[in-house]
């Protein structure tokens, strides 16, 4: 049986990467495993583009589900340093979805897009048989800016500082506590605290604050594979070594209890909303402060050195073959 979640690097390089359609000179950054976005060069401007699936979980409340689904999609452009500005969205809904449910989810999504200055320019909305899950479509996001402003995913350099926002496993913790509160076997007050982690999924404002503070050299959203997977992708792309002091990494309330209950390593599970950044030497503290001003925990957690790999407290950190949270969600479902 194939692993759940994103395909791994070997499958990407064997099947996807060799077949990318026509070669065009206007593609400045094309597809790479573990990279959140691509970049086109159109008329001298950088057009950053990213595509993601859309998941709408009724258990979150449909307006909130729409808002958070949009945050996950937009963050993949926001980590480029360019603000997301345009959205094309496809909703392929189960036949059981009423017009009222659609209206609630759409209100949450569209109102949040307006708050963030994002215009919805195209889409497709329909109900189809055979769809019986929360994965109800996909979206493509664009952002337009100067090429010099783009933060490349492989931009880390020796001497950079490493900054983490939010901390590991917040998304997984929040969703597990919200969707399966009784199956966790935890005290109600612990579950209630863990449910608050759902709001940690939002990261567009954090990414903008970090970039505008100045000095960001690389930025990544710790989705599938979690903090461990994201760090490995960043270090590999830049051909450098990351040294992390785990005692300095923020960890949100409820995370450790939930991850222990479901027997997963919080560093390896998806945490949409957690940003991993490398920044110029001396810029770590002010960038972390700028993110904290948004209400999000952030800290300088290590440095970029010569060599290769990611080391936490001196021990090599590896990316999981697949995100273990998928198996937990499948088992509880």
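Bear in mind these aren't lab numbers, they're just calculated from the coordinates by the rules spelled out. Model, not experiment: these values are computed from the prediction. Glycine also receives a Cβ, built like all others from the backbone with ideal geometry; neighbour counts cover every protein chain displayed.
At a glance:
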| item | result |
| --- | --- |
| Shape box of the chain [Cα atoms, principal axes, largest first, Å] | 54, 53, 43 |
| Packing-based order for 203-211, 89-97, using average beta carbon neighbours within 10 Å, highest first | 203-211, 89-97 |
| Considering only segment 9-149, percent of DSSP beta bridges that pair antiparallel, nearest 5 | 75 |
| Where only C-alpha atoms are counted, convex hull volume of segment 255-333 per residue in Å³ | 129 |
| Distribution of pairwise C-alpha distances over segment 9-149, 5 Å bins, in % | 2, 10, 17, 20, 17, 15, 11, 7, 2, 0 |
| √(5λ) per eigenvalue of the Cα gyration tensor, segment 154-257, largest first, Å | 30, 14, 11 |
| Segment 161-332, relative contact order [Cα under 8 Å, separation at least 6], % | 41 |
| Separation between Cα centres of segment 255-333 and segment 220-253, rounded to whole Å | 5 |
| Coordinate range along principal axes, alpha carbons of segment 83-203, Å, largest first | 50, 43, 27 |
| Estimated 222 nm signal from helices in the chain, with DSSP H stretches of n ≥ 4 weighted -39500 (n - 2.57), rounded to 500 | -9000 deg cm²/dmol |
| Cα point-scatterer Debye curve for segment 118-168, base-10 log of I(q)/I(0) at q = 0.14, 0.16, 0.21 Å⁻¹ | -0.77, -0.86, -0.99 |
| Centre separation in Å (Cα based) which lies between segment 91-116 and segment 26-57 | 24 |
| DSSP bridge orientation in the chain - percent antiparallel, rounded to nearest 5 | 80 |
| Relative contact order %, the chain, counting alpha carbon pairs below 8 Å whose residues are six or more apart | 21 |
| Bridge type composition, segment 161-332 - antiparallel percent by DSSP, nearest 5 | 85 |
